[in-house]
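Asks: Handing you a structure now.
What follows draws every value from the coordinates through simple rules; no lab data is involved. Computed from a prediction, not measured in an experiment: that's the story for all the values here. Backbone-built Cβ (ideal geometry, glycine too); neighbour counts: all protein chains shown.
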Amino acid sequence: MSSISGDVTLKDVKAAEIQVNGVSGTIKMDEVTSSHVSAKCISGNITFGGPLAKGGRYELNSHSGDITIYASDKVGIEVSASTFSGDVSSELVLTSKFGGDTPSGRGRRMRQSVQGTFGDGSALLQLTSFSGDIRIVKR
């Protein structure tokens, strides 16, 4: 699915693979069941809610928007998340190598990245935003 200047909403969708692209609009996925999800947006927020599959891969990328993923503690996750000028947070306790803040030399933070696992790390989350926050919320 793709959209140039509108929101994309997927609700109660089951598919082996889902690809969503947007230019200026929100991408919202609610109760989406898939083992491979790829969502890319230039100027909008991305929200994903649905069961994460063991061995699944979830790639969410927004240039200037927030990324929120609702995850259950029933499936382990491996997280790679980074943002240039936003914050990364997780309500699931990650065993991690928190990248933390990278100083820019001018008293400002340049980039924040987190790499870590929860449980067995069986589902891969790759979350990237240039100027938005990244949140993993416990469902």
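Asks: How many residues are of a type outside the set (A, V, I, L, M, F, W, C) and either in contact (Cβ under 8 Å) with a residue 40 or more places away in the chain or touching a His at 6+ places or on another chain (Cβ under 9 Å) (or both) if we restrict to region 10-43?
Replies: Residues meeting the conditions: 4.
Asks: Mind listing whichever residues of region 115-139 are more than 10 Å from the chain's Cα centre (by Cα), within 12 Å of I67 (Cβ to Cβ) and either in a strand (DSSP E or B) or free of Cβ contacts under 8 Å to residues at least 24 places away in the same chain (or both)?
Replies: Of everything in region 115-139, just one residue is more than 10 Å from the chain's Cα centre (by Cα), within 12 Å of I67 (Cβ to Cβ) and either in a strand (DSSP E or B) or free of Cβ contacts under 8 Å to residues at least 24 places away in the same chain (or both), namely V137.
Asks: With respect to H63, determine if the residue is touching an Asp or Glu at 6+ places or on another chain (Cβ under 8 Å) and either touching a residue at least 24 places away in the same chain (Cβ under 8 Å) or not hydrophobic (A, V, I, L, M, F, W, C) (or both).
Replies: No, not satisfied.
Asks: Next question. Can you tell me which residue within region 30-45, out of those that are hydrophobic (A, V, I, L, M, F, W, C) and closer than 14 Å to D66 by Cα, is surrounded by the fewest Cβ atoms within 10 Å (Cβ to Cβ)?
Replies: I42
Asks: Scan region 60-99 for residues that are among the β-branched types (V, I, T) and either surrounded by 16 or more Cβ atoms within 10 Å (Cβ to Cβ) or not in a strand (DSSP E or B) (or both) and jot them down.
Replies: The answer is I67, T68, I69, V75, I77, V79, T83, V88, V93.
Yes/no matrix, rows are residues, columns are (1) among the charged types (D, E, K, R); (2) under 15 Å from G132 (Cα atoms); (3) assigned to a strand (DSSP E or B):
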{"position": "S5", "(1), (2), (3)": "no, no, no"}
{"position": "T9", "(1), (2), (3)": "no, no, yes"}
{"position": "Q19", "(1), (2), (3)": "no, no, yes"}
{"position": "K28", "(1), (2), (3)": "yes, no, yes"}
{"position": "S34", "(1), (2), (3)": "no, no, yes"}
{"position": "S38", "(1), (2), (3)": "no, no, yes"}
{"position": "F48", "(1), (2), (3)": "no, no, yes"}
{"position": "G55", "(1), (2), (3)": "no, no, yes"}
{"position": "Y58", "(1), (2), (3)": "no, no, yes"}
